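The values are calculated or read from the model by the stated rules, or taken from the named source; none is laboratory data. Values in this document were obtained by computation on a predicted structure and should not be read as measured data. So basically every Cβ, Gly included, is an ideal-geometry build from the backbone, and we count neighbours across all protein chains shown. Ligands, DNA and RNA are excluded from the accessible area calculation, which covers all protein heavy atoms including side chains. Shrake-Rupley method; radii C 1.70, N 1.55, O 1.52, S 1.80 Å.
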Amino acid sequence: SVAENSLKTAAETLLKYAHEFGYPVSYIQEQQGQLIQNIVPVHKTESQQISTSSKVELALHTETAFHPYKPDYVMLLCLKGDPMAVTTYASLSDILKHVSTASKHMLMEKMFTTGIDLSFRTNGEEDKEIPIAIISKAANGRLTFTYDVTVVKGEGWIAKELLEEVQWAIEKCTQEIVLQTGDLLVIDNRNTIHGRKPFQARYDGTDRWVQRVLVRKELPPSDQINGHIITTEL
């Protein structure tokens with residue numbers, strides 16, 4: 001059918017661009033390792049912190065913040081736009097303008113924890129508290145940012161105060177973009193957090209529809225990946 005052909009073309013186009021950025025990957029725990037994920041509103045998850053929600057604000061987050069092999073890029077191809085479904089984002093370079101130097105250095109300590117995304121726990125797996133630093137230095141000297149508004153916690157009062165400062169800084173510099181049909185958004189997951197505002201889902205085939213693929217610059221060790229599927233146990 002025409003619809004199937006255009007869907008296949010969209011998927012091929014998305015993968016072609018993904019290969020320009022690195023290796024398209026997926027995760028064994030999420031959608032059974034599906035490489036290209038079709039994201040449309042799902043009724044039973046409409047109020048959850050999950051990409052298929054609609055009624056709630058999808059809070060700003062690093063994609064798969066808890067994972068040792070998280071994606072470097074999140075690529076979103078909009079197949080059907082909705083002017084009310086506003087994508088939000090904030091970048092580390094802007095956030096740091098509102099954070100003191102002393103706080104920046106303390107955010108590099110592993111004084112924080114994050115949880116495991118709901119999308120990785122659809123079979124009733126337990127959540128875990130995974131120690132993280134909010135800011136890290138990559139091998140090339142660039143700073144990276146790991147954060148998830150809803151699940152990152154501070155260990156002790158200093159860490160909790162630091163998170164309040166970070167949250168305030170994020171609110172100062174959050175920007176918005178509305179994806180229109182045909183748009184391709186590439187998010188640098190190493191230094192940019194993203195989210196989405198609530199919108200009204202209709203569940204009649206006309207809802208917002210985004211294809212998503214995750215990309216890594218380097219593949220994990222061979223015992224942690226099978227084809228394109230990252231198999232790391234959490």
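Here are the numbers for the structure shown:
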{"item": "Residues within the range 82-135 that are assigned to a loop (DSSP other than H, G, I, E, B), over 30 Å from residue 201 (Cβ atoms) and either out of contact with any helix residue (DSSP H, G or I) (no Cβ under 9 Å at 6 or more places or on another chain) or without any contact (Cβ under 8 Å) to a residue 12 or more places away in the chain (or both), tallied", "result": "5"}
{"item": "Candidate set: the range 211-225, residues that are touching a residue at least 24 places away in the same chain (Cβ under 8 Å) and farther than 21 Å from residue 17 by Cα; chosen: the one surrounded by the most Cβ atoms within 10 Å (Cβ to Cβ)", "result": "225"}
{"item": "Condition met for residue 26 (among the hydroxyl-bearing types (Ser, Thr, Tyr), over 19 Å from residue 163 (Cα atoms) and in contact with a strand residue (DSSP E or B) (Cβ under 9 Å, 6 or more places away or on another chain))", "result": "yes"}
{"item": "Candidates 155, 165, 161, filtered to the one that is among the acidic types (Asp, Glu), farther than 18 Å from residue 129 by Cβ and open to solvent by 70 Å² or more (accessible area, probe 1.4 Å)", "result": "161"}
{"item": "Count of residues meeting criterion [open to solvent by 30 Å² or more (accessible area, probe 1.4 Å), within 15 Å of the chain's Cα centre (by Cα) and of a type in the set (Asp, Glu)] in the range 69-97", "result": "0"}
{"item": "The lone exception for residue 151 - which of (1) in a strand (DSSP E or B); (2) touching a His at 6+ places or on another chain (Cβ under 9 Å) it fails", "result": "(1)"}
{"item": "Residue satisfying all of: in the range 14-36; modelled with pLDDT of 95 or more and among the polar types (S, T, N, Q); surrounded by the fewest Cβ atoms within 10 Å (Cβ to Cβ) among these", "result": "34"}
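Listed here are the residues, each with its yes/no results for (1) at pLDDT 95 or above; (2) open to solvent by 20 Å² or more (accessible area, probe 1.4 Å).
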site: 115; (1), (2): yes, no
site: 125; (1), (2): no, yes
site: 128; (1), (2): yes, yes
site: 145; (1), (2): yes, no
